[in-house]
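Data first, discussion second: the structure below is written as structure tokens.
Every number here is computed from the coordinates shown, using simple stated rules; none is lab data. Keep in mind that what you see is a predicted model, and the values were worked out from it rather than measured. All Cβ positions, even for glycine, are placed from backbone atoms using ideal geometry, and neighbour counts span all protein chains on display.
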Amino acid sequence: MRCKRTQTFMDCEICGQENAKNHILMYGQKMLVCIDCSNLGERVIGETVFSVKKNQEFSAAPAGFAGDFFLAKGFGQIIRSARQKNNLTLNELAQKIFEKESFLHKIEQEKMFPDKKLAKKLESALNIKIVE
């Protein structure tokens, strides 16, 4: 008796579409996405990242690397400490810099990386230095 092997695909982490087969690097995070969302980041095959726009190849992003700049080690804890020192809730900080609270929560947990614009907004709002 032969065992039939089935391949299961996950839902796209961006839009939720079924059968996500592509890996991309977006905001420093490796994501599983559908074909429609695959152009939103840098294409990843194995541990190699391919730039869709520039056709250049570079190694997968190390911790703290967020595209074209580096974030300070422990940037999430730096942000959280500064926010608490300024007596701001996550919701208050989100409103102050016009970002979603859930996204800032993921950044504080270092599950997501801020882009350079957001990192600069956080630096300004909290009087900290996280971009190296």
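How far apart, in nm, are two points set 7 Å out from the Cα along the Cα-to-Cβ line at residue 19 and at residue 100?
2.6 nm
Mind checking the full-extension length gain between residue 73 and residue 10? Use 0.36 nm per residue of separation minus the Cα-Cα distance, one decimal, nm.
19.5 nm
Any of 21/120; 85/121; 21/129; 30/85; 30/100; 85/120 with alpha carbons more than 28 Å apart? Name them for me.
Exceeds cut-off: 21/120; 21/129; 30/85.
Given the Cα-Cα distance of residue 91 and residue 109 and 0.36 nm per residue of separation, how much length would full extension add, in nm?
Going from the current span to full extension adds 5.0 nm.
Calculate, for residue 81 and residue 40, the FRET efficiency according to 1/(1 + (r/R0)^6) with r their C-beta to C-beta distance and R0 35 Å; round to the nearest 0.05.
Calculated value: 0.65.
Under the rule of at least 5 residues apart or a separate chain, name every residue whose amide H is placed under 5 Å from the amide H of residue 17.
For residue 17, whose amide H was placed from the backbone, the distant partners under 5 Å are 12.
Can you give the direction-averaged projected area of the convex hull of the alpha-carbon atoms in the range 75-126, in nm²?
Averaging across all directions leaves 2.9 nm² for the Cα convex hull.
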